[in-house]
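I have placed the structure first, in the form of structure tokens, so that the comments after it can refer back to it.
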Amino acid sequence: MQPLELLQTMMARSVLATEPFVSANLLTAGKADPLARLRIYRNNTRSSLTAVLVAVFPVTVRLVDERFFRFVASEFIRRHPPVESRLARYGAGFPRFLKSIDTLSDMPVVAETARLEWAIAEALDAASLPPRALAEYDNTDLGMSPDILLQPSLRLIISHWSVMSVWMAHQKATPAEPFGGWMRRPERVALWRSGESVRLILLDRSNFAFLHALKHGFGLEQAISRAVALDPMFDLVSALVRLFGDGLVTDVRVSAHPFPI
């Protein structure tokens, strides 16, 4: 008798592979063919995983046609099966996988759009903490460079392609412009969970650098320095008001690293 762990591993590989790794004499299915029953389970599993990818990457599906998407998804599932039980976590490597598809080599916006859609999926799966109001800190001494903590769902995307424009166009009821109409244009996108939906905004270089620094735990002084280096006219007051107004700030604390990093 095979050890349970080995048998489970063989079964998992057989379900996700094209050909079974487990032999028929290890399986029972009454009077039915055990390998035929295994193929049914395999088809159901692959169909479920494909459905997950279709749901997570709806705009990508529309960019490449659903039949082609399902073919690529099948290859991705075969090469990169799930490594954890939560289906909401499945698909992280799919945008990178799309970049390796020769057929899509002249359509880089497809993989970039998929990268944005995965960030949206991550944001929707992240916690949403109670936002803080700017007025709460009116009489609080936080030092010269406090730490500003942001919503854990915040994601920042830089793309050489107009991925947010592509994504927004496919949210409309009318058909979106075909791929040939999209031009190479860098976009810096911030997105975060807002209730049960997601908000997306475009940022210029300085505001993106400011938000990026705060997200990665740098103090306010460092964030300002990075923003001003890109735009000497960076408006700190407007940036802070927007942060609090968008509900992105979850706390403001005295910096744990008072000296520049």
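The values are calculated or read from the model by the stated rules, or taken from the named source; none is laboratory data. Because the structure is predicted, anything quoted here is derived from the model rather than measured. Don't worry about glycine lacking a Cβ; one is built from the backbone with ideal geometry, like all the others, and counts go over all protein chains shown.
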>> Yes or no: region 137-160 includes at least one residue that is in a helix (DSSP H, G or I), in the same structural domain as Val252 (by TED's automatic domain parsing) and at pLDDT below 90.
In response: yes
>> Can you find, within region 77-101, the residue that is farthest from the chain's Cα centre (by Cα) among those that are at pLDDT 95 or above and among the aromatic types (Phe, Trp, Tyr)?
In response: Phe97
>> Condition (residue is farther than 20 Å from Ser194 by Cα, exposed (fewer than 15 other Cβ atoms within 10 Å of the Cβ) and touching a residue at least 12 places away in the same chain (Cβ under 8 Å)) applied to region 159-166: is it met by at least one residue?
In response: yes
>> Could you check region 194-235 and list, in sequence order, the residues that are touching a Phe, Trp or Tyr at 6+ places or on another chain (Cβ under 6 Å) and touching a residue at least 60 places away in the same chain (Cβ under 8 Å)?
In response: Ala223
>> All but one of (1) small (Gly, Ala, Ser); (2) at pLDDT below 90; (3) surrounded by 12 or more Cβ atoms within 10 Å (Cβ to Cβ); (4) at positive phi hold for Gly30; state the number of the condition that does not hold.
In response: (3)
